[in-house]
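Data first, discussion second: the structure below is written as structure tokens.
The values are calculated or read from the model by the stated rules, or taken from the named source; none is laboratory data. As the structure is a prediction and not an experimental result, all values here were calculated from the model. With ideal geometry, Cβ positions are generated from the backbone for all residues, glycine too; neighbour counts draw on all protein chains shown. These area figures cover heavy atoms from the full protein model, side chains too; ligands, DNA and RNA do not enter into them. Shrake-Rupley method; radii C 1.70, N 1.55, O 1.52, S 1.80 Å.
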Amino acid sequence: MEAVAEGLWGLADHHERKGEIAKAVKCLEAICQSHVSFFPIVEVKTRLRIATLLLKHSYNVNHAKSHLERAQLLLKSIPSCFDLKFRAYSLLSQCYHLVGAIPPQKQILHKALDLTASAGNEIAVKLWCCNFNSQLANALIIEGDYPNSISALQCGFLCAAQICYPELQMFFATSILHVHLMQWEDPNLVEGAVNKCDQVWESIAPEKRQHCLGLLFYNELLHIFYRLRICDYKNAAQHIDILDTAMKADLQQTQHVQELTKELDALNQSLSRSDLHYRDRSALSEKQALLQERLSSMTRFSNSSRKDFLEPAYFGNVRRTSGDKLELAPPPIDGEWLPKSAVYALVDLMVVIFGRPKGLFKECGKRIQSGMHTIQEELVKLGITDGVREVNLQHSAIWMAGVYLMLLMQFLENKVAVDLTRSEFVEAQEALVQMKNWFIRFPTILQACESVIEMLRGQYAHCFGCYSEAAFHYIEAARLTENKSMQAICQVYAAVSYICIGDAESSSQALDLIGPVYRMMDSFVGVREKTGVLFAYGLLLMKQHDLQEARNRLAKGLQLTHNHLGNLQLVAQYLTILGSLALALHDTVQAREILRSSLTLAKKLYDVPTQIWVLSVLTTLYQELGERGNEMENIDYQRKKMDDLQKRLADALSSIHHIELIDKVKLQVQQFHEVDIKRAIAGPSMSINLDIPESIGLSAPLPGSSTSRLVDLDIGRLGKRKI
């Protein structure tokens, strides 16, 4: 009977290679359903193979789970066979994760770890121990149990150290850093985790490091998240450059591999001709061998997974070649963080987030377009086309869809920010409508985006002088999030809109919003909240005619913004108010110098409203100094800018979407099987929580969410409202 089993296994292999998965599964199930008994170990191996095929190529998670549970029962009667038992535990854990059954998953993993403790100290056993600790950490993250997740990862780190495997140690060191970034309880612990990653990375031999592309991207991205979180933009830049260079090099190599593969296919086609002359065949065969060797050398590391291990399931059920993966760790560990396309989109996003405050809009535009194109291609592969809603998604595809949808929303958010800064109101409106429509179609998956959309509606309304509507949306955004940083930012924005309304009641409401944030501004990580509240507070003090105190607050805020954020728009707005203050205090020399600097920055950003605001203050300055020529020239230039702005505003006002965006109406959505979807987007990997200082994120609360939004605080919309 063993010969029959071998034959059916071989036939299943043949069908799998041809992509005939259903036939492959039928061949294997014939063994399990046979009236003649096979040895238990044959049935176990067959059921493990069936489960792997189902997880890899279908949505049949429950079918796979039943095969694995049966295999486990059979394995209880078989002594030793640790490798098969470990494989069964690992695959069953993945099944439980896919269906959102976290308690039984943890139970299985604890049993697996108990087995590794009694199975000896061989390298293979230690690798399985690393596998189970990694999966356990993921499961604990879903439940928000950060301390025990870190403990599991530390156990994995120790296992990797015992077998002298620095690349595997790096996998656990980066995972520990990621959990600390999500939790962020003690800044010293986070910094310690960053330093540990640096230490372990340096311990890997340089020739080995170049093959650890997945670890390189993961480590550098985590370093960027950390640097942006603490507002260390200067040191974040070098990590972004490393990532961008690595991405471009890999894309170039991928293209080269594709070209060589195409050439080899054509060569094979020629060699298949029966009428080929011996001499020609010999020459072509020699060329074929050379091409195969070149391809082999270029893809050796990515194809190095040993066949004696079962491949981990592809979560999201998108079958990808090994070249499409950025592996973090060797088999049997499922060490992929995100698909390569998602990681490369994330690199583009980092370039945008870093370049946008500096006014590098041309490069930002290219990266936004590139990232969105990549994401939309992946969404189509997942079956997300026009009209598809989250209720139509397969449960096991929800997580992967969530990754790409969140990335897409982040690109759109940045597009809105860039377009509002450049006074491209129609384009900003279109991007914001897209965000709104995506949210309505996927309200549970994109729940974290609702607050961001409301905040952007507030900024859009503020641009049109609809300050009451803007304040409404900002306050609604603060209400929709539990993130303290996001709440503080939105309260500051709402306060500025109230100040712009200009009456006593609105000023009182602004003070009520600013006060609590001002009192706790030193408790935030970084200086984003602090620079925002100092700006709003200085503006309010101006309104109350406390000019010297306003000047002190604004000067402090400007210094922090210049030194830490590099946010040119906010710097320009600080300078404009300080120029107005200097003029009010009759310091005309300083006023002229400050206002010219502000105008230069506003021009660089194509920020028309801020330019008009500066020009109006300069006109007052020239009037006071009696510089009639400069005054007339300034008024003429200001008039041209006003005409330009009015045209831009009119184009946006004529759209049917304008009213729906600014109206004091909350987004109305219908949510489907919310609990199931929330559970699905929580996994399958702890490392997938994109905790970056914008609005992207999945299962964990994101402490850095949208904290760099002050780049969009266009106080230039005050325009004629001089305070």
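Please identify the pairs in which a residue from the stretch 464-481 that is under 23 Å from T610 (Cβ atoms) has its Cβ atom under 6 Å from the Cβ atom of a residue that is of a type outside the set (S, T, Y) and in a loop (DSSP other than H, G, I, E, B), counting only partners at least 6 apart or on another chain.
E469/K664
Scanning for something touching a residue at least 24 places away in the same chain (Cβ under 8 Å), within 26 Å of M400 (Cβ to Cβ), part of a helix (DSSP H, G or I) and not polar (S, T, N, Q), does the stretch 13-22 turn up at least one residue?
Yes, the stretch 13-22 contains at least one residue that is touching a residue at least 24 places away in the same chain (Cβ under 8 Å), within 26 Å of M400 (Cβ to Cβ), part of a helix (DSSP H, G or I) and not polar (S, T, N, Q).
Consider Q255 against the criteria (1) in contact (Cβ under 8 Å) with a residue 60 or more places away in the chain; (2) part of a helix (DSSP H, G or I): it satisfies all of them except one. Which criterion is unmet?
(1)
Which of the numbered conditions does C197 fail, given that it passes all the others? Conditions: (1) more than 19 Å from the chain's Cα centre (by Cα); (2) open to solvent by less than 40 Å² (accessible area, probe 1.4 Å); (3) under 21 Å from G355 (Cβ atoms).
For C197, the exception is condition (3).
Kindly indicate the residue of the stretch 613-635 that is β-branched (V, I, T) and over 20 Å from P357 (Cα atoms) and also surrounded by the most Cβ atoms within 10 Å (Cβ to Cβ) among those meeting that condition.
Restricting to residues being β-branched (V, I, T) and over 20 Å from P357 (Cα atoms), the top hit is V617.
Can you tell me which of S507, S485, S497 is among the polar types (S, T, N, Q), in a helix (DSSP H, G or I), closer than 17 Å to L539 by Cβ and in contact with a Gly (Cβ under 9 Å, 6 or more places away or on another chain)?
S497
Quick one: which of L75, L92, L84 is of a type outside the set (D, E), surrounded by 22 or more Cβ atoms within 10 Å (Cβ to Cβ) and at pLDDT 85 or above?
Being of a type outside the set (D, E), surrounded by 22 or more Cβ atoms within 10 Å (Cβ to Cβ) and at pLDDT 85 or above holds for just one of L75, L92, L84, which is L92.
Please state which of the following conditions C27 fails to meet, knowing it meets all the rest: (1) crowded, with 20+ Cβ neighbours inside 10 Å; (2) over 35 Å from the mean Cα position of the chain (by Cα); (3) touching a residue at least 24 places away in the same chain (Cβ under 8 Å).
Unmet for C27, out of (1) crowded, with 20+ Cβ neighbours inside 10 Å; (2) over 35 Å from the mean Cα position of the chain (by Cα); (3) touching a residue at least 24 places away in the same chain (Cβ under 8 Å): (3).
Any idea which of F315, F301 is under 30 Å from R49 (Cβ atoms), at pLDDT below 75, open to solvent by less than 60 Å² (accessible area, probe 1.4 Å) and among the hydrophobic types (A, V, I, L, M, F, W, C)?
Just one listed residue meets the conditions, F315.
What do you reckon, is S118 open to solvent by less than 10 Å² (accessible area, probe 1.4 Å), farther than 17 Å from L48 by Cα and small (G, A, S)?
Against the criterion (open to solvent by less than 10 Å² (accessible area, probe 1.4 Å), farther than 17 Å from L48 by Cα and small (G, A, S)), S118 does not qualify.
Quick one: which residue in L189, L181 is open to solvent by less than 30 Å² (accessible area, probe 1.4 Å), in contact with a helix residue (DSSP H, G or I) (Cβ under 7 Å, 6 or more places away or on another chain) and not aromatic (F, W, Y)?
Going through L189, L181 in turn, the sole match is L181.
Could you pull out the residue among V388, V452, V433 that is among the aliphatic types (A, V, I, L, M) and either modelled with pLDDT under 95 or open to solvent by 30 Å² or more (accessible area, probe 1.4 Å) (or both)?
Just a single option satisfies the conditions, and that option is V388.
Being open to solvent by less than 40 Å² (accessible area, probe 1.4 Å) and in a helix (DSSP H, G or I) is the filter here, so list the residues in the stretch 49-64 that pass it.
I50, A51, T52, L53, L54, L55, K56, V61, A64
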